[in-house]
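Taking it in order: structure first as structure tokens, then the write-up.
The values are calculated or read from the model by the stated rules, or taken from the named source; none is laboratory data. Source: prediction; values computed, not measured. When we count neighbours, we look across all protein chains shown, and the Cβ atoms used for this are built from the backbone with ideal geometry, even at glycine. Remember, those area values only see protein heavy atoms, side chains included, never the ligands or the DNA or RNA. Shrake-Rupley method; radii C 1.70, N 1.55, O 1.52, S 1.80 Å.
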Amino acid sequence: GPVIERLGIHQLWIVYGVMMLISIALALKLPRGGKTGSRKGAPVGYGQIWANKPFIMFLVIGVLISIPNSMNNTFVSIYISDLGGKNSLIGWSAFLSSIFEIPVYLLFDRYLRKSQRTMIFCLAVVSLLYALRWFLMSVAETPYQIIFIQALHCLTFAGYYYVGTQLTALLVPKEYRASGQAVYALSWGGLSGIVAGVTGGWIFQNLGAHAMYRISAGTALLGVAGFALMYMFIMKASRKNLEAQGYSSEG
């Protein structure tokens, strides 16, 4: 925010260029990965991934959750400006939405139980927090309220992305895990960004920011319902496995 006010938006290419050059220099220092031991002509694994019903269900729900998140990332700065906020407040909004992400990642890494049921339950709770966040954004009246609401980003985005990454590792077979993570990242960041840019722009232009965030809250609630169904699906599959094991032991 202060950099924008001091340099002006037309000079931001200098900041972007310097940051990209630093990133490239650091990337060149990263260790090179070793050769994988996969057999020649081995399948990539996408066919196995698309046949995985729980994982596909997880991806569809994830798109529902990530589209409003992408719309917010794109239009929150315009929303702050429309409410009379200065450029520096846009910077503070980005700061508060990111500063607590690292502690959230560390807490999840330390205390999250690595089981499908626990992770799906956590994603349902995070999706409910998303719905609360978008509802609060829809009733915000000042740019300062938006700044504090943005602090929920550390719980919603960091919680969902971390738990989702761990859940992907459990839902996808080990030999296809890298492909599964790639599909998960593509659906969360790529597909949702495309849909959010088109639909979010139309809604923001024609219906306004408040309507966009109300729709986002409703979409997040659909995600909560989806995770509830997924939880019941996993529970039903677990009971069938236990019953099958019981019958086999009796035999």
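Things to note:
- Rolling a 1.4 Å probe over the protein heavy atoms gives the chain an accessible area of 61 Å² per residue.
- Span-rule helices in the chain, defined as complete DSSP H runs reaching 30 Å or more along the axis (Cα) with Kyte mean at least 0.5: 53-82, 116-138
- When the chain is treated as a Gaussian network with alpha carbon springs shorter than 10 Å, the biggest mean-square fluctuation among 141, 101, 175 belongs to 175.
- Average Cα contact separation per residue, the range 78-192, under 8 Å, 6 or more apart, as relative contact order %: 36 percent
- Portion, in percent, of the accessible area of the chain that falls on carbon or sulfur, probe 1.4 Å: 67 percent
- One chain, two ends: residue 23 and residue 125. Fully extended at 0.36 nm per residue, the span grows by 33.2 nm beyond their Cα-Cα distance.
- Of the peptides 54-61, 25-32, 111-118, the ranking by mean beta-carbon count within 10 Å, highest at the top, reads 54-61, 111-118, 25-32.
- Highest mean packing first, where packing is the average number of other Cβ atoms within 10 Å per residue, the peptides 123-135, 215-227 line up as 123-135, 215-227.
- Only one item in (i) 17.7; (ii) 18.7; (iii) 15.7 matches mean projected area of the Cα convex hull in nm² derived from the coordinates shown, and that item is (i).
- The range 165-206 and the range 216-239 have their alpha-carbon centroids 17 Å apart.
- Debye, to nearest 20: dipole size of the chain, +1 on Lys, Arg Cβ, -1 on Asp, Glu Cβ: 900 debye
- Calculated FRET value between residue 170 and residue 206, using beta carbons and R₀ = 45 Å, to 0.05: 0.60
- Peptides 8-20, 77-89 ordered by average Cβ neighbours within 10 Å, highest first: 77-89, 8-20
- Modelled this way, with points 7 Å down the Cα-to-C-beta line, the labels at residue 232 and residue 13 are 5.6 nm from one another.
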